[in-house]
Amino acid sequence: MAQSRPDAAPWWRSAVIYQVYVRSFADGDGDGTGDLAGVRARLPYLAELGVDALWFTPWYVSPLKDGGYDVADYRAIDPAFGTLAEAEKLIAEAGELGIRTIVDIVPNHVSDQHPWFRAAREAGPGSPERALFHFRPGRGPDGALPPNDWPSEFVGSTDPVWTRLPDGEWYLHLFTPEQPDLNWAHPAVRQEHEDILRFWFERGVAGVRIDSAALLAKDPELPDLASAPDPHPYVDRDELHDIYRSWRAVADAYDGVFVGEVWLPDAERFARYLRPDELHTAFNFSFLSCPWDAERLRTSIDTTLAEHAPVGAPATWVLCNHDVTRTVTRYGRADTGFDFATKAFGTPTDLALGTRRARAAALLSLALPGSVYLYQGEELGLPEADIPLDRIQDPMHARSGGTDPGRDGCRVPLPWGAEEPYAGFGAQAEPWLPQPEGWAAYAADRQADDPGSMLTLYRRAIALRPEFGDGPLTWLPSSDGVLAFARASGALCVVNLSDTPADLPAHTELLLFSAPLDADGRLPQDTAVWLRA
Ligand code: NOJ
């Protein structure tokens, strides 16, 4: 494992972290589903890409009703992906290549196949087993109405967040009925999760991503949202901070790091999670959702840096993940922002334009202070895929009544070899999600030696990333629609989002560009450049 020098800034303050969605990364055993053997075989690719850490979306035993975010056993690997022994080997092998591992813990809910929930279902109303979850009688005649009015966390879903069991009691699930919410006021729930953290830190993981991190704590009365909106009965409750302080004490014993999935519009509330004795980092969804617009991006960057500064935490920069529309598709649309509420089938996109902007956005995000997350396939410039209706597996689609395309379009198995069956994902069986026509054109082997490819751009940018990393950012004077800033190393980043070519600031060296400069040495539209001052 690569160790930081004792006097050096901690690795996670400036890391490039690559998100692996195991099911779609690489299929080592040829059954159509990605697995740990596939990841192990591709570790040299990840090392060559130059990433510092891998974040694995949940790889635990799961009925996969929500892509693994329905965990039946947090201490075992799903047999479709491999074994615990293989995970240990993978963590060790990645470490030998200087790559750390981050696992994904899902504390808000478990699978309905988790032993705790199976026992609770069996044990019946009033049992101690049910106290680990939120069971309640229903309302209305015969208790036939759900206990409260909370809406589903899947935006666009009108399904209730309560399911009734044959014995008449209802249980709470902010996501699907197969994901019952845990009762975080119960000491056994806290104890169990601290043990799970230790289990994975003992296995050499360097960090933990915390799923739905702001949702765990509930108002014990479970009041209607309409009548008790403040404080919110289940979002961002103050009790959470005590939970994360205990987690931090566990992590500190292993030098482990947290990244929280915290979707909160209020910057001050968001920053509370990043106080020195809580989480180290949290995902920056304001930047991820931001349209391709210079002013709005600059505001997002400034707000992000300002909200992190008082607590001393580094920012994170994310352009996409396994839940949102792929960047090249989004940036080629009329509306270049991301919003779960506006996702729709058949939104037109200009992929050439989107790709040009995504290349510029890559250089922008990799030049910003803090850590950067890449989602597998982003480095290949993969577009969002249209999945045939009868192949969509994401519950978000069905729970929207079929109006939301769901998230499978960004989860399509990766293309590795242009000339191989299924674009080299795994030779023998058809992948679990279909790859669209033309997928092979994006294959990693085709891009590897192409100086103009997305993969080459990412490799070069990550190699130069130490010029940027953690530390201050200073905006430089620039014309409308142009973002220009300097970093302490003397490296500059300029991004032109205006419709006219932009002059470059004084510089001694051109480090990297997302598209060539024009004949007059100016920066064309939708292009980014890295310079040395
Ligand atoms: C956030 C995860 O990123 C998403 O994929 C999942 O559906 C929900 N949390 C529920 O666990």
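For the chain, the residue among His173, Leu132, Gln19 whose Cα projects farthest onto the positive side of the dipole built from Cβ charges is Gln19. Each Lys and Arg contributes +1 and each Asp and Glu -1, all at the Cβ; summed about the Cα centre of the range 238-380, the dipole is approximately 600 debye. In terms of the mean number of neighbouring beta-carbon atoms within 10 Å, the peptides 8-19, 187-198 order highest first as 8-19, 187-198.
The length gained on full extension between Thr158 and Tyr254, counted as 0.36 nm times the residue separation minus their Cα-Cα distance, comes to 30.3 nm.
In this calculation the C-beta distance from Ala228 to Asp302 is compared with R0 = 22 Å, giving a FRET efficiency of 0.05. If only the Cβ of Lys and Arg carry +1 and only the Cβ of Asp and Glu carry -1, the dipole of the chain around its Cα centre is close to 780 debye. Computed log10 I(q)/I(0) for the range 407-450 at 0.15 Å⁻¹: -0.33, from the Debye equation with unit scatterers placed on every C-alpha and solvent omitted. Antiparallel beta bridges, as assigned by DSSP with both residues in the chain, represent about 55 percent of the total such bridges. Taking +1 at the Cβ of each Lys and Arg and -1 at the Cβ of each Asp and Glu, which of Ala144, Ala367, Val39 sits farthest along the dipole of the chain towards its positive end, judged by Cα position relative to the Cα centre? Selected residue: Ala367. The label-point distance for Arg269 and Ser479, in a model that sets each label 7 Å from Cα toward Cβ, rounds to 4.2 nm. The P(r) of the range 284-438 has a tail past 29 Å containing 23 percent of all C-alpha pairs. Stretching the chain fully between His186 and Ala341 yields a gain of 52.4 nm (0.36 nm per residue, less the alpha carbon separation). Summed over qualifying helices (DSSP H, 4 residues or more, each -39500 (n - 2.57)) and divided by its residue number, the chain shows a 222 nm mean residue ellipticity of -7000 deg cm²/dmol. Remark: C-alpha extents of the range 115-172 on the principal axes read 33, 28, 15 Å, sorted largest to smallest. Computed over the alpha carbons of the chain, Rg followed by Dmax gives 23.1, 78 Å. The peptide list 228-234, 146-152, put in order of mean Cβ contacts within 10 Å with the highest first, becomes 146-152, 228-234. Share of pairwise Cα-Cα distances greater than 18 Å in the range 419-533 is 60 percent (whole percent). Packing-based ranking of 86-92, 374-380 yields 374-380, 86-92, ordered from highest to lowest mean Cβ neighbour count within 10 Å.
The DSSP beta bridges internal to the range 111-267 are antiparallel in roughly 65% of cases.
Where a number appears in this text, it was derived from the coordinates with a stated rule and is not lab data. Every value quoted in this text rests on a predicted model; they were computed, and no experiment measured them. Here the Cβ is made from the backbone with ideal geometry for all residues, glycine too, and neighbour counts use every protein chain on show.
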